[in-house]
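Working notes, structure below.
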Amino acid sequence: MSTSTSNPIAAITTAPGRGGIGIVRLSGPDLTPFIQAFFSQELKPRHAHYLPFCDANGQAIDEGIALYFPGPNSYTGEDVLELQGHGGTAVLRRVLARCFELGSQFALRHAQPGEFTQRAFLNDRLDLAQAEAVADLIDASSDAAAKGAMASLSGAFSQHINALADRIIHLRMLVEATLDFPEEEIDFLEKYQAAHQLQSIDDDLQQLRLQAKQGQVMRDGLHVVLAGQPNVGKSSLLNALAGDDIAIVTDIAGTTRDRVTQLIHIEGIPIHIVDTAGLRETEDTVESIGIERSWQEIAKANVILHLLDARHPDDTSDQDIMSRLPASTPTLQVFNKCDLLQTPSQSSNDNENQLYISAQTGEGLEALRQRLLHIAGWSPHTESPWLARERHLHALERCDQHLQLAKLHAQHNDQILDLFAEELRLAHNELCEITGVFTSDDLLGEIFSSFCIGK
Ligand code: GDP
């Protein structure tokens, strides 16, 4: 269903709170009667009109710039009106309320989160990967992520997907044409070098998967949990990595009673680090709640940094902790306070699951950062020109599985061309899911509901 015939919508599109400028945006199939009712005049398309925004009694609520973008050449593909006034909570609320008062006769309603962008998608102004990039650009927490989101928004990722899809379509066309002439089936695979074509498509797909993985790492980063006994230096390590005093550092065991989360960036990759309450047996109720939460965080982690005191590497409490850590989560044993070791030779970092560091002197921290990037799947030599999401990776993986099955049919010279054709069709569908050619309403709902209101 196209939304071009649906209700007009309105929302404050600027961030809540005080600001120099605040914007109310409206979108709908035809906003000209609304504009006439609001301003008693027509607005020239894409022209900055400096006008009062008046209430029902003709009193100015605010004065600002009204911009009218007639559809289809607008953000949403519908008529869009932007009212740019002063960025105060009350004044914007009043302008919006006035819009609803006037708009009730046109069934104007409040926009859902992401609904402007959803309309842009449904009206073919953006494909789905680009629409997702809008939210990613707004949410980007590092320069690299913002750059990658912008590349996706301008279609760099979609272009690669479409190019690959076109090659699969070409092969499908050849196969399906042959299906109409069963006597030619036997020759088909040889005649069109189907296996060769498939291999070349597969090579491109593998390259795309590598890049998409880097884009996903750049977007999502890692959730790292610091776990260990009290006083091993978890808070000190968090502070050292963050380069700031975030967690409380004391030599009194049990001072971190709850989680402290900090977002840091390593080479532009977001790393969410959670400092947890020290794991030990305790009678203290508050502390034991903290410890329970530590275990909950550990269960959700992408990576666990198990911190130990380098002076007591074989502590039995650490062995208990180790035995309780989830086996499927990558875990690094980080021996802290190596500055206090008598024999510095112990501080070798040969075992790739063990590291010697000093949160106090900074020794070993660079190696730890590089180890984290490695676990995140970041490869410094693979260019990551765009951001990607987990959803895209899964679709690319499924596409790959269908291509592999198609390859098997080709290799075995099955002469069952319809199976070959079916796998190609399914592989193609997976690519279409990324750009949103085929999407379920559930998926759209899930994607757009995570947007902010007004976007
Ligand atoms: P947490 O309870 O595990 O969070 O430990 P803290 O970060 O609060 O540190 C406990 C004590 O160990 C504090 O006195 C820190 O100054 C000290 N500490 C932490 N890391 C190091 C280190 O690498 N070397 C030395 N010498 N002391 C450290």
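The figures follow:
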read-out	value
Pairs, first modelled with pLDDT of 90 or more and in a loop (DSSP other than H, G, I, E, B) in region 333-357, second open to solvent by 60 Å² or more (accessible area, probe 1.4 Å) and away from the ligand (no atom under 11 Å from the Cβ), C-beta under 6 Å, six or more apart	none
Count of residues meeting criterion [farther than 11 Å from Ala376 by Cβ and either buried (at least 21 other Cβ atoms within 10 Å of the Cβ) or outside the structural domain of Leu368 (by TED's automatic domain parsing) (or both)] in region 265-281	7
Filter result for the condition that a residue is more than 22 Å from Ser104 (Cβ to Cβ), touching a residue at least 12 places away in the same chain (Cβ under 8 Å) and of a type in the set (A, V, I, L, M, F, W, C), over Ile65, Ile12	Ile65
Residue, nearest to Val95 (Cα to Cα), within region 50-72, restricted to residues that are open to solvent by 20 Å² or more (accessible area, probe 1.4 Å) and charged (D, E, K, R)	Asp55
Residue list for region 19-36, restricted to those being at pLDDT below 95 and open to solvent by less than 50 Å² (accessible area, probe 1.4 Å)	Gly19
Qualifying residue in region 68-76 (condition: at pLDDT 95 or above, at positive phi and not in a helix (DSSP H, G or I))	no
Residues being open to solvent by 40 Å² or more (accessible area, probe 1.4 Å) and of a type in the set (A, V, I, L, M) - total across region 135-152	3
Top-ranked residue in region 309-332 [being without any contact (Cβ under 8 Å) to a residue 12 or more places away in the chain and surrounded by 13 or more Cβ atoms within 10 Å (Cβ to Cβ); ranked as farthest from the ligand (Cβ to nearest atom)]	Asp320
Residues satisfying the stated conditions in region 122-131, i.e. among the charged types (D, E, K, R) and either open to solvent by less than 60 Å² (accessible area, probe 1.4 Å) or assigned to a helix (DSSP H, G or I) (or both)	Asp127
Thr285, sole failed condition from (1) exposed (fewer than 14 other Cβ atoms within 10 Å of the Cβ); (2) modelled with pLDDT of 85 or more	(2)
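Per-residue answers, yes or no, for (1) near the ligand (Cβ under 10 Å from one of its atoms); (2) modelled with pLDDT under 75; (3) within 30 Å of Pro380 (Cβ to Cβ); (4) open to solvent by 10 Å² or more (accessible area, probe 1.4 Å):
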| residue | (1), (2), (3), (4) |
| --- | --- |
| Leu226 | yes, no, yes, no |
| Pro230 | yes, no, no, yes |
| Gln296 | no, no, no, yes |
| Leu307 | yes, no, yes, no |
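Listed here are the residues, each with its yes/no results for (1) within 22 Å of Phe420 (Cβ to Cβ); (2) modelled with pLDDT of 80 or more; (3) crowded, with 20+ Cβ neighbours inside 10 Å; (4) more than 13 Å from the chain's Cα centre (by Cα).
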position	(1), (2), (3), (4)
Ala133	no, yes, yes, no
Asn162	no, yes, no, yes
Leu174	yes, yes, no, yes
Leu210	no, yes, no, yes
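The values are calculated or read from the model by the stated rules, or taken from the named source; none is laboratory data. Note that the structure is predicted; figures quoted are calculated from it, not measured. Neighbour counts are summed over all protein chains in view; Cβ atoms, including those assigned to glycine, are modelled from backbone coordinates with ideal geometry. Side chains are part of the model used for accessible areas, which takes the heavy atoms of the whole protein and leaves out ligands, DNA and RNA. Shrake-Rupley method; radii C 1.70, N 1.55, O 1.52, S 1.80 Å.
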